Amino acid sequence: MKKVLEGRLVCIPYGGDGWALFSDDSAKEYHELRRKLRSKNLTEEEIDMCDRRLWEIEREGKWIDDVLCDLEGKKVRVIVEVVEEEKEGGDKA
């Protein structure tokens, strides 16, 4: 059995720091929303909207635990290949 997944690796910063793969657009939106939530100038409604959208993005992602859970107890080889680097400032190389 061989599984190949591709996407942007994102750490979900609560509940034990889970890891998920997101599409490029979802990863970008996710990070923008997390940054926005750190702002002190948001209303409760804006916070709720951001939280709801973050939850939607997380549900669309491929959780690493879910992908690997059916391989428990099996001898595996895990290879992680970086297919695109980012320069400082978030620009793609």
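The values are calculated or read from the model by the stated rules, or taken from the named source; none is laboratory data. All values derive from a computational prediction rather than experimental measurement. Every residue, glycine as well, gets a Cβ built from its backbone with ideal geometry; the counts of neighbours run over all protein chains shown. Each accessible area value is taken on the protein alone, full model and side chains, heavy atoms only, with ligands, DNA and RNA left out. Shrake-Rupley method; radii C 1.70, N 1.55, O 1.52, S 1.80 Å.
Some points to look at:
- Whichever residue in the range 64-77 is without any contact (Cβ under 8 Å) to a residue 60 or more places away in the chain and within 21 Å of residue 12 (Cα to Cα) and, among such residues, is farthest from the chain's Cα centre (by Cα): 69
- Looking only at the range 57-67, residues that are open to solvent by 80 Å² or more (accessible area, probe 1.4 Å) and either in a helix (DSSP H, G or I) or at pLDDT below 85 (or both) come to 4 in all.
- Filtering the range 29-52 for residues that are part of a helix (DSSP H, G or I), out of contact with any Asp or Glu (no Cβ under 6 Å at 6 or more places or on another chain), of a type in the set (A, V, I, L, M) and at pLDDT below 90 leaves an empty set.
- Residue check: residue 53 meets all listed conditions (1) among the basic types (Lys, Arg); (2) surrounded by 10 or more Cβ atoms within 10 Å (Cβ to Cβ); (3) over 22 Å from residue 32 (Cα atoms) but one, namely (3).
- Within the range 4-45, being closer than 18 Å to residue 64 by Cβ and aliphatic (A, V, I, L, M) holds for 4, 5, 9, 10, 12, 20, 21, 27.
- For the range 9-26, the set of residues classified as assigned to a strand (DSSP E or B) and open to solvent by 50 Å² or more (accessible area, probe 1.4 Å) consists of 9, 19, listed by residue number.
Residue by residue, here is whether (1) of a type outside the set (Ser, Thr, Tyr); (2) closer than 17 Å to residue 60 by Cβ holds:
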site	(1), (2)
14	no, no
21	yes, yes
29	yes, yes
37	yes, no
40	yes, no
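- Checking each residue in the range 15-63 for being touching a strand residue (DSSP E or B) at 6+ places or on another chain (Cβ under 6 Å), touching a residue at least 24 places away in the same chain (Cβ under 8 Å) and among the aliphatic types (A, V, I, L, M) picks out 20, 21.
- Among residues of the range 1-14 that are under 24 Å from residue 38 (Cβ atoms), those with a beta-carbon under 7 Å from a residue that is among the acidic types (Asp, Glu) and in a loop (DSSP other than H, G, I, E, B) at least six positions away or on a different chain give the pairs 11/17.
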